[in-house]
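J.: Pasting a structure below so you can have a look.
The values are calculated or read from the model by the stated rules, or taken from the named source; none is laboratory data. Note that the structure is a prediction, hence the values are computed from the model and not measured. Here the Cβ positions follow ideal geometry from the backbone for every residue, glycine too, while neighbour counts run over all protein chains shown. Only protein heavy atoms, including side chains, enter the accessible area calculation; ligands, DNA and RNA are left aside. Shrake-Rupley method; radii C 1.70, N 1.55, O 1.52, S 1.80 Å.
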Amino acid sequence: MWHNTKVTEILGIEYPIMQGPFGGRLSSVELVAAVSNAGGLGGYGAYTLTPQEIIDIDQQIKAATGKPYNINLWVSDSDAIGGTVSDTVYEQAIQQFRPYFEELGVPLPHKPAPFNTRFENQVQVLLDIRPKVFSFVFGVPSADILEQCRRQGIITAGAATTLDEAIALENAGVDLIIASGFEAGGHRPSFLASAETSMTGTFVLLQLIREKVKIPVIAAGGIADGKGIAAAMMLGASAAQVGTAFLACDESNASPAHRQMLFSDATKYSTLSRAYTGRLGRGIANRITKETSGTDLHFLPFPLQTTFISSLRAAAVEQQKWDMVYFWGGQIAPIIKHRQASALMQSLIEETNACFNSSSTR
């Protein structure tokens with residue numbers, strides 16, 4: 001049976017379907033529980049949370065499901081040297097974005113306060129609460145952290161956008177690799193080379209990794225239905241991670257406007273941009289992403305750009321200037337159709353079943 005894979009065996013789940021763990025407070029306990037209770041693996045993106053918030057969320061998840069679930073962190077959560085930038089770099093960003101602030105009547109922001117990395121404190125909490133799965137992006141945790149995960153029985157899953165990154169993850173002793181193609185919504189989690197030069201598509205990346213790496217591979221990016229899951233598994237994936245289709249469900253913590261946008265014609269025009277966070281990520285193209293798509297750009301490094309533009313984004317939402325709001329989403333968004341996570345899970349399972357039943361009778 002298609003759903004009996006190395007991943008389902010390792011994780012103790014019924015179906016090799018993982019819900020993408022959304023950062024930026026887009027995840028929800030309700031969505032994690034809905035996916036896990038339906039036999040998949042729910043995921044919660046916790047990189048913006050304090051250690052205490054992670055503890056609280058974990059308790060809520062445990063109360064909502066007795067099934068395995070995944071908590072996701074960012075190994076590298078800052079690109080700012082010393083946590084800050086020079087006044088010159090800040091002034092260049094001001095000049096780049098001044099017209100948008102003025103148009104919305106928003107005061108120009110002060111230079112963001114220095115950012116202190118949170119990963120070490122966050123991961124210590126994870127080792128204490130012991131979720132079934134600890135997934136991570138933007139790097140590889142230290143050998144000590146990975147060893148502690150092994151001792152605690154926590155399965156580790158790292159994201160790779162290139163074959164080199166997959167090999168690095170395997171060499172470090174990570175249990176599972178998530179092959180993240182450029183089609184995926186959200187940030188490109190590249191860590192060995194720039195995101196702009198790490199642009200392999202999901203199915204090519206999956207095949208490359210399967211040829212060179214022995215640990216199980218999970219396909220992520222451009223998968224939103226059973227046909228996509230079946231195709232990934234035919235190419236050697238042990239599971240598929242579905243992101244945008246779950247983000248569009250009512251159970252996610254995306255705003256109603258965001259969820260509605262994912263069902264609009266605007267999803268035909270997704271793009272990669274650094275304008276909103278300082279790191280390259282995929283969302284629905286808008287006026288700002290189009291006007292800042294050249295080469296001579298002045299963005300603050302992640303996550304200072306997020307702080308810098310936060311008041312602009314809030315004003316755009318309040319004034320319903322949707323062409324100035326960046327809604328995260330992947331290239332596959334135009335085909336999504338379910339608004340309930342349970343219905344989506346049922347559809348994914350039934351469609352994948354149908355694909356494999358059809359191929360076995362030919």
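J.: Mind counting the residues in segment 26-64 that are in contact with a strand residue (DSSP E or B) (Cβ under 8 Å, 6 or more places away or on another chain), assigned to a loop (DSSP other than H, G, I, E, B), farther than 16 Å from Cys249 by Cβ and open to solvent by 10 Å² or more (accessible area, probe 1.4 Å)?
T.: The total comes to 1.
J.: In segment 332-342, which residues are surrounded by fewer than 22 Cβ atoms within 10 Å (Cβ to Cβ) and in contact with a Lys or Arg (Cβ under 9 Å, 6 or more places away or on another chain)?
T.: Pro334, Arg339
J.: Looking at segment 95-126, which of its residues are under 20 Å from Met324 (Cα atoms), part of a helix (DSSP H, G or I) and not acidic (Asp, Glu)?
T.: If the condition is that a residue be under 20 Å from Met324 (Cα atoms), part of a helix (DSSP H, G or I) and not acidic (Asp, Glu), then Gln95, Gln96, Phe97, Arg98, Pro99, Tyr100, Phe101, Leu104 are the ones that fit.
J.: Would you pick out the residues in segment 275-300 that are in a loop (DSSP other than H, G, I, E, B), touching an Asp or Glu at 6+ places or on another chain (Cβ under 8 Å) and surrounded by fewer than 22 Cβ atoms within 10 Å (Cβ to Cβ)?
T.: Leu280
J.: Also, quick follow-up: Taking the criterion of being touching a Lys or Arg at 6+ places or on another chain (Cβ under 6 Å), buried (at least 16 other Cβ atoms within 10 Å of the Cβ) and of a type outside the set (Asp, Glu), would at least one residue in segment 105-118 satisfy it?
T.: no
J.: In addition: Kindly indicate which of Val242, Val217 is under 17 Å from the mean Cα position of the chain (by Cα), in contact (Cβ under 8 Å) with a residue 60 or more places away in the chain and buried (at least 24 other Cβ atoms within 10 Å of the Cβ).
T.: Criteria check complete, one pass: Val242.
J.: Limited to segment 131-164, what total is found for residues that are of a type in the set (Gly, Ala, Ser), touching a residue at least 24 places away in the same chain (Cβ under 8 Å) and surrounded by 24 or more Cβ atoms within 10 Å (Cβ to Cβ)?
T.: Matching residues across segment 131-164 total 4.
J.: Taking segment 301-320 as the search range and keeping residues that are touching a Pro at 6+ places or on another chain (Cβ under 7 Å) and open to solvent by less than 50 Å² (accessible area, probe 1.4 Å), which one is nearest to Gly105 (Cα to Cα)?
T.: Ranking the qualifying residues of segment 301-320, first place goes to Ser311.
Residue by residue, here is whether (1) at pLDDT 95 or above; (2) of a type in the set (Val, Ile, Thr); (3) buried (at least 17 other Cβ atoms within 10 Å of the Cβ) holds:
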site: Phe327; (1), (2), (3): yes, no, yes
site: Gln346; (1), (2), (3): yes, no, no
site: Asn357; (1), (2), (3): no, no, no
site: Thr361; (1), (2), (3): no, yes, no
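J.: Consider segment 87-123. How many of its residues are at positive phi and charged (D, E, K, R)?
T.: Counting residues in segment 87-123 that are at positive phi and charged (D, E, K, R) gives 0.
J.: Open to solvent by less than 10 Å² (accessible area, probe 1.4 Å) and within 17 Å of the chain's Cα centre (by Cα), is that true of Ala248?
T.: In short, yes.
J.: Condition check: at positive phi, touching a Phe, Trp or Tyr at 6+ places or on another chain (Cβ under 9 Å), open to solvent by 10 Å² or more (accessible area, probe 1.4 Å) and in contact (Cβ under 8 Å) with a residue 24 or more places away in the chain. Does Gly12 satisfy that?
T.: no
J.: Sort out which residues of segment 165-208 are at positive phi and surrounded by fewer than 22 Cβ atoms within 10 Å (Cβ to Cβ), and write them in order of number.
T.: Gly173
J.: Are there any pairs with C-beta distances below 6 angstrom linking a residue in segment 195-212 that is under 15 Å from Thr271 (Cα atoms) and part of a helix (DSSP H, G or I) to a residue that is at pLDDT below 95 and open to solvent by 70 Å² or more (accessible area, probe 1.4 Å), with the two at least 6 apart or on different chains, and if so which?
T.: That search, which allows pairs on different chains as well, returns nothing.
J.: Gln122: among the polar types (S, T, N, Q), open to solvent by less than 50 Å² (accessible area, probe 1.4 Å) and farther than 30 Å from Tyr269 by Cα, yes or no?
T.: Yes: the conditions hold for Gln122.
J.: Checking the structure you have, find out if any residue of segment 251-259 is part of a helix (DSSP H, G or I) and within 24 Å of Ala220 (Cα to Cα).
T.: yes
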